[in-house]
Structure formats: structure tokens, C-alpha cells
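Here the structure is laid out as C-alpha cells; the discussion comes afterwards.
The values are calculated or read from the model by the stated rules, or taken from the named source; none is laboratory data. Remember, it's a predicted structure, so these values are computed and weren't measured experimentally. Here the Cβ positions follow ideal geometry from the backbone for every residue, glycine too, while neighbour counts run over all protein chains shown.
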Amino acid sequence: NAGVTQTPKFRVLKTGQSMTLLCAQDMNHEYMYWYRQDPGMGLRLIHYSVGEGTTAKGEVPDGYNVSRLKKQNFLLGLESAAPSQTSVYFCASSGGSHDNEQFFGPGTRLTVL
Amino acid sequence: EDQVTQSPEALRLQEGESSSLNCSYTVSGLRGLFWYRQDPGKGPEFLFTLYSAGEEKEKERLKATLTKKESFLHITAPKPEDSATYLCAVQAVGGGSNYKLTFGKGTLLTVNP
């Protein structure tokens, strides 16, 4: 049981390049989330999904897109990377209404030059 | 808007020196308050969920308590392996916010041997 996994672990992009971060969970969770963590800012929600085929905006969605084509996967895309998107990105999943704790992946450290 | 404030930002203790971390929150209606532990370079690890004022939960040297305005994470006789950043988050009831967590910025705890 791997829990929540994220690919890749590290990435360096140039301004304007695009990339996709992959999150996978094997706990059959309905809900999945993407956060970014910056020094002095705490974890901030980018987008989330409450089920396969659904997505919704979080606190800081601009510059990002997401897709949830399969229940176990949640993809985060950057179409045109900017230096302000340099951050550590965490994916999380949770089971449902009475099972609220979110389980986090190990993170992806992204640097945009 | 939901808000979470954690204090102190950093705390340095000697091994065996008990102390408490504070999490003050403002939320329209509290569904749950969560404590996480985060080690450097890793994702947050779930510790506790508290649902109502007066509730307490314990795990090894950690004890979390909840009032209507704040939560405390008490650390009794800490060991160096308790060194980490401790994150507090709230989940509000109702509508589209039903699944989202709002995080504080965390308290960096260092326990010296």
C-alpha cells in the first residue's frame, strides 16, 4: 500500500515552459487536492476534486489546470510556468464525509528560472 | 474567511522540557480541527482530528485539546525525534468549503538533547 505518490520529485523549468505533475493514490479515496507550500505562507489549496471527472478551484488557482480522469489520479498542469510558481507542491487525498483526514504525498520541488 | 494563526513561529526546547503550541482559529462553523507533523523535505503526516470544544486526544508524548477559539498541542517530556514543524488546519461546515482545509503557517519545534 503506497498511499499517495507524486511524480516527479524535483523539476527545474524555464519561464514559459509547461509541465504536468502526477499524483496517484491507492486508497480508493474520493477526494484529492493540490497544495503549494511557500516559506512564510503555509499550505495553500490550488485545486481540488470531489470525485472522478470533477474539479474545483481552491484559494490560488491562477496559472494552473487540473484533471481527474481516473479516480486514483489527479494531474496538475502548468501551461506557461512563471518564477512565481517556484514552490513545493503537495498532493493529498481523503476518503469522505466522516473520514476527513487528508493523506499527503512526499511533494514535488519545482523551480522556475 | 477562515483563518488560522499558530504561535509561536519557532520553539526551542531542551529534552524533557514540556511545553505547548497554540492554534487560534476563526471559522464560520467548525467541522474539524486537524494537527499534522511535517519533517523537512517530506509531506505532512496526520496526527489528530478534534471535532468539538472540550475534546482531547493523545498520542505518545502529544496531547491535543480544543476550545471554541483555539487548540493546544501539549508536548510532554519531548525527545529530539519530536523535532518537526507542527501544522494546524481547520475544516468548515457547509457548501463548497466542506472538504477544504485552511492551514496555519506552522510552528517549528526543535528539541535539543
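One table, with the values for the structure above:
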| item | result |
| --- | --- |
| Elements of type strands (runs of 3 or more DSSP E) contained in chain A, each with 1 or more residues being within 12 Å of chain B (Cβ to nearest Cβ) and modelled with pLDDT under 95 | A:31-38, A:42-49, A:87-94 |
| Candidates B:40, B:113 - the one that is in contact with a helix residue (DSSP H, G or I) (Cβ under 6 Å, 6 or more places away or on another chain) and over 19 Å from residue A:44 (Cβ atoms) | B:113 |
| Odd one out for residue B:66, checked against (1) in contact (Cβ under 8 Å) with a residue 40 or more places away in the chain; (2) closer than 20 Å to residue B:7 by Cβ; (3) touching an Asp or Glu at 6+ places or on another chain (Cβ under 8 Å) | (1) |
| Segment A:16-57: number of residues that are in contact with a helix residue (DSSP H, G or I) (Cβ under 8 Å, 6 or more places away or on another chain) and at positive phi | 0 |
| Unique residue being within 29 Å of residue B:108 (Cα to Cα) and over 10 Å from the mean Cα position of the chain (by Cα) when the list is A:53, A:42 | A:42 |
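Per-residue answers, yes or no, for (1) surrounded by 13 or more Cβ atoms within 10 Å (Cβ to Cβ); (2) of a type in the set (A, V, I, L, M, F, W, C); (3) out of contact with any Ser or Thr (no Cβ under 8 Å at 6 or more places or on another chain):
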site: B:29; (1), (2), (3): no, no, yes
site: B:32; (1), (2), (3): yes, no, no
site: B:38; (1), (2), (3): yes, no, no
site: B:44; (1), (2), (3): yes, no, yes
site: B:47; (1), (2), (3): yes, yes, yes
site: B:60; (1), (2), (3): no, no, yes
site: B:65; (1), (2), (3): yes, no, no
